[in-house]
Amino acid sequence: MPRVSGRITAAEIGLVINTDDPYSEAVGGYYIEKRRLRPHQVLRVQLPVRAALTPDEFERLHQQVAERFGSRVQALALAWTVPYAVGCNSITGALALGYNGALCRNSCAPSPASRYFNAATAKPYRELGVRPSMLLAASSVQQAKALIDRGVAADRTLGLRGAPPVSAYFVSTADAARNVRARLFPPAGLLRRHGVQVQLAHGEASQRKARVLVYQTGAARVNHLDTLEWVNGALADHLTSFGGLLDRDKGQMTALAWLDAGATASYGTVSEPCNHPQKFPHPQVLLQHYLQGSSALEAYWKSVAWPLQGVFVGEPLAAPFAR
């Protein structure tokens, strides 16, 4: 694991608002207020309010982003829930790495590697030419505002001397295809320096857990999320094929379920990825970057080696271990 100095701050994020989407206007305005963004950090665009953009629609958005934001803006917050895809690509992946139409002929194939994976930088656009982004997505404006409040409240709150520990749950399941990350789980035990108890569990472990910081598993659905006590800044995701289809239920729980339950950031894929572990967050990379003080956006992005099909959702600047 590389050591990283610093993190992406509110002064280095660009916010994109879709003026054709009332949700986007409301949530974007709230984010400007809570993160105290300046006018030059905000781009207003007109986009179709539907699940996926066409490549031409995306290219216009990509050009507008490039023209608006210079090298000071290292990352983007996208103030909407839809669109979340461009063809078979996620919108967050395409904005950072470029749209790849060839992948749509076989979405189970390996996808382009990210230069940002496990990178020792807090300046991804300036140093790598990668501008990662995250959707301020939720099931309602009210839920989105609560999400933003959790992200803001999380900053610099964990890893303090004398504070009670928080727990990171890594849960194995009997679903062999979706359980492929189990071999990447960290060892159980107390990370004393950070005040994090790593818990390894099997089967259904999502009931009545206190002070949950991380929850990762492989399953189509996870039950009893409403019984978990999430800390501000919590990260949670499940390895399944269509967790990134934020506006529909294909028999699989979406990433929004984690956010609605109280997590602050999550991840899901928008097209059939098959179960390449590289297309999903690496548990140890995610945890270690977060504990170093990285933001939720940085920790999640740095944990996915092949992120083109995955959409990142949540409050991007949450940084509970920052100093």
Query raised in the report: Can you tell which of LEU259, LEU235, LEU246, LEU225 is open to solvent by less than 20 Å² (accessible area, probe 1.4 Å), out of contact with any helix residue (DSSP H, G or I) (no Cβ under 6 Å at 6 or more places or on another chain) and touching a residue at least 12 places away in the same chain (Cβ under 8 Å)?
Result: LEU235
Report summary line: For the stretch 126-157 the number of residues that are within 18 Å of GLY29 (Cβ to Cβ), open to solvent by less than 30 Å² (accessible area, probe 1.4 Å) and not hydrophobic (A, V, I, L, M, F, W, C) is 1
Query raised in the report: Mind checking which residues of the stretch 266-291 are more than 19 Å from SER241 (Cβ to Cβ) and either under 11 Å from the mean Cα position of the chain (by Cα) or crowded, with 24+ Cβ neighbours inside 10 Å (or both)?
Result: LEU286, LEU287, HIS289, TYR290
Query raised in the report: Given the stretch 137-255, what strands (runs of 3 or more DSSP E) lie entirely inside it while holding 3 or more residues that are hydrophobic (A, V, I, L, M, F, W, C)?
Result: 166-172, 196-202, 212-217, 230-238
Query - Pick from the stretch 111-125, criterion more than 24 Å from SER271 (Cα to Cα) and of a type in the set (A, V, I, L, M, F, W, C), ranking: most open to solvent (accessible area, probe 1.4 Å) - result: ALA120
Requested in this report: Considering every residue within the stretch 68-86, establish whether at least one is open to solvent by less than 40 Å² (accessible area, probe 1.4 Å), in a helix (DSSP H, G or I) and either more than 20 Å from TYR23 (Cβ to Cβ) or at pLDDT 95 or above (or both).
Outcome: no
Requested in this report: From (1) surrounded by fewer than 23 Cβ atoms within 10 Å (Cβ to Cβ); (2) in contact with a Ser or Thr (Cβ under 7 Å, 6 or more places away or on another chain), pick out the condition that doesn't hold for LEU190.
Outcome: (2)
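The values are calculated or read from the model by the stated rules, or taken from the named source; none is laboratory data. Since the structure is predicted, the reported quantities are computational estimates derived from the model, not experimental observations. Ideal geometry is used to build each Cβ from the backbone, glycine not excepted, and the neighbour counts take in all protein chains shown. We work out accessible area using only protein heavy atoms, side chains counted, and drop any ligands, DNA or RNA first. Shrake-Rupley method; radii C 1.70, N 1.55, O 1.52, S 1.80 Å.
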